[in-house]
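Report on the structure given below.
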Amino acid sequence: MLQTEESRPTFGSRLGIIFATVGSAIGLGNIWRFPYMLGSNGGAAFLLIYLLCALLLGLPVMMAEFYIGRHSKRNAVGAFKVIAPDKKWSIIGYNGMLAAFFILGFYFVIAGWTLEYVFQALTGSLGDKSAAEFRVEFSNFSSGLFRPILWTLLFIGFTHYIIMTGVKNGIERSSKFLMPLLFVILIALCIRSLTLPGAMTGIDFLFKPDFSKINSSVLLSAMGQAFFSLSVGMGCLITYASYFDVKTHLQRTAFEVTAIDTLVAVLAGIMIFPAVFSFGIEPTAGVELVFITLPNVFSQLPLGALWACFFFLLLAVAALTSTISLHEVVTAYLHEERYITRKRAAVYVSLGVTVLAVLSSLSFGIMKNFTFFGLTFFDLLDYVTTKLMLPFGGMLICIFTGWYIDKNVLKAELTNRGTVPFYLFRLYRFLLKYIAPVAIALIFLNELGFVNFLKSL
Ligand code: PHE
């Protein structure tokens, strides 16, 4: 059945809104992707640029997405059709929807890995091994044919089930205590990691920037990571904000989500890097960094298997609240704009994503040498989404909201019709109109070689 304007669901309480949005933001991006990106991009300098990008680009884009979503009460594509009769703006929505689909295509693989680790912890096979042994185990597992794919399929199944049965409420309610629990475990693991021998080398790596390490690729990686981690640039938060009610304080919600998400990423760094250096693991290890480092930390804890089990279970839940939000972007679009039932829309999305996810998983094993532009299928999906589609979408969202939308309309929405103040509105609009699009464009052009090209003229 299609929804009418009135029957469109909304999120219940203020906390429900925050938790759903934080649930989308916090996920593998913070705990798996952030440390490995930081490790491969020179350490503290990356952190600094990441923080700047989150504050100066991610936060403004998030607020703009909130405006677009709540103002239009539509999915990522429909929103632009409602607000801007000029058709070309819907390209932002299409770009975002496609990005969501591609992200799911690699995200589900890593999400599947978290389940394998829960399983290993439960069956006691994680155990007490040397760092080198953990690494071999991981590589045997991830390059395998069936096992990783089975976990991935299971994860797709969970996500599909929740999207179909609409037990989102249950997920929101349970994430209200599961996410704080993840936070507590994260802090405990930070403490354990910080008290390992040689931990300070890791802290230096994380917090003492070496500015000579900054180059165009570090800039683009940090910007892409900020967008990815905050779930912005692809309409996910447009879709969620379309379920917000009129009283939701958009500015405050955006601040809180950005702050919590960034804090979790930094904590993940504090949990991983002291251990990386203490166990002699290469910070540049790449996608496997977290999966080979954490088992070492658990093996140094009393009841290590229990910790491991809890941690990976909570990480899986964090990933689940993110996959739900990604799936919802595409499902809501198909349902509302293509007029197919929600159930059928969800089935199409899940099936399509399964194909991508299986190929991504195989690209760690038998399809390893099957590369495009030197990237495996998994890396290609990651690159195209985080480094191209999200920043591109973010840039267009800034231009759209800054230049196309009437400033009084924008202000009215962001201040709930004048009932809450927005002291920095002029600065905000200046950021949207000039700073953010120019900064994103420069980072793009720099990485794509245009700046060097100009210099050489
Ligand atoms: N922000 C999520 C994470 O950090 C991933 C995500 C990206 C979710 C884009 C929705 C949209 O894991």
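Between ILE191 and LYS176, what is the spin-label point distance in nm, taking each point 7 Å from the Cα along the Cα→C-beta axis?
With each label placed 7 Å out from Cα toward Cβ, I get 2.7 nm.
How long is the gain from TYR404 to PHE207 if the chain were fully straight, where each residue apart is worth 0.36 nm and the alpha carbon distance is subtracted?
Going from the current span to full extension adds 66.9 nm.
Using a 1.4 angstrom probe on heavy atoms only, work out the carbon and sulfur share of the accessible area of the chain in %.
Numbers: 12640 of 18340 Å².
That share works out to 69 percent.
Taking the 0 to 90 degree range and rounding to the nearest ten, how far is the long axis of helix 44-53 tilted relative to the main principal axis of the chain, both from C-alpha atoms?
Its long axis makes an angle of about 20 degrees.
What is the percent of Cα-Cα separations in the range 314-425 that go past 21 Å?
Details: 3891 of 6216 pairs.
Summing the P(r) tail past 21 Å for the range 314-425 gives 63 percent.
With the crude spin-label approximation of a point 7 Å out along Cα→Cβ, what separation in nm comes out for TYR161 versus ASN140?
Between TYR161 and ASN140, the simple spin-label model gives 3.0 nm.
What angle, in degrees between 0 and 90 and rounded to the nearest 10, separates the Cα long axis of helix 250-278 from the longest principal axis of the Cα atoms of the chain?
Helix 250-278 sits roughly 10 degrees off the main axis of the chain.
Taking the Cα of LYS88, stepping 7 Å toward and past its beta carbon, and measuring to each backbone N in the range 405-419: which are under 17 Å?
Residues passing the 17 Å test: 405.
For the chain, take the longest principal axis of its alpha carbons; what is the angle in degrees between that and the long axis of helix 14-25, to the nearest 10 within 0 to 90?
60
Checking a compactness column here: for the range 357-397, what do you get for Rg(Cα) / (2.2 N^0.38 Å), N being the number of residues? Display every interim value, and only then the final one.
Working: Rg = 12.2 Å, N = 41, 2.2 N^0.38 = 9.0 Å.
It is 1.35.
Quick one: check the C-alpha center-to-center distance for the range 111-190 versus the range 213-231, whole angstrom.
Answer, in whole Å: 26.
Could you report the chain's accessible area per residue, 1.4 Å probe, as an integer in Å²?
40
Evaluate E = 1/(1 + (r/R0)^6) for ILE435 and ILE340, where r is the Cβ-Cβ distance and R0 equals 51 Å; express this FRET efficiency to the nearest 0.05. Please report the intermediate quantities before stating the final value.
Values: r = 41 Å, r/R0 = 0.80.
Taking R0 as 51 Å, the efficiency between ILE435 and ILE340 is 0.80.
Using just the helices of the chain, give the 222 nm mean residue ellipticity in deg cm²/dmol: DSSP H runs with n ≥ 4 each add -39,500 (n - 2.57), and the total is spread over all residues, rounded to 500.
Result for the chain: -22500 deg cm²/dmol, rounded to the nearest 500.
Note down, for the range 223-295, the three equivalent ellipsoid semi-axes (square root of 5 times each alpha carbon gyration tensor eigenvalue), biggest first, whole angstrom.
Calculated on Cα positions only, the semi-axes equal 34, 13, 9 Å.
Can you give the Kirkwood hydrodynamic radius of the range 111-162 from its Cα pairs, in Å with one decimal?
With all distinct Cα pairs of the range 111-162 included, I get 11.8 Å.
Compute the separation of the alpha-carbon centres of the range 374-418 and the range 27-89 and state it in Å as a whole number.
6
Please compute P(r) over all alpha-carbon pairs of the range 14-456, binned at 20 Å starting from zero, and give each bin as a whole-number percent.
26, 59, 14, 0
What distance in nm separates the simple spin-label points at VAL184 and LEU51, each placed 7 Å from Cα in the Cβ direction?
Output for this residue pair reads 2.8 nm.
So what does HIS71 come to for accessible area, using a 1.4 Å probe and Å² rounded to 10?
70
The values are calculated or read from the model by the stated rules, or taken from the named source; none is laboratory data. Keep in mind the model is a prediction, meaning the values are calculated, not measured. Cβ atoms come from the backbone with ideal geometry, glycine included; neighbour counts cover every protein chain shown. Heavy atoms of the whole protein, side chains included, go into the accessibility calculation; ligands, DNA and RNA do not. Shrake-Rupley method; radii C 1.70, N 1.55, O 1.52, S 1.80 Å.
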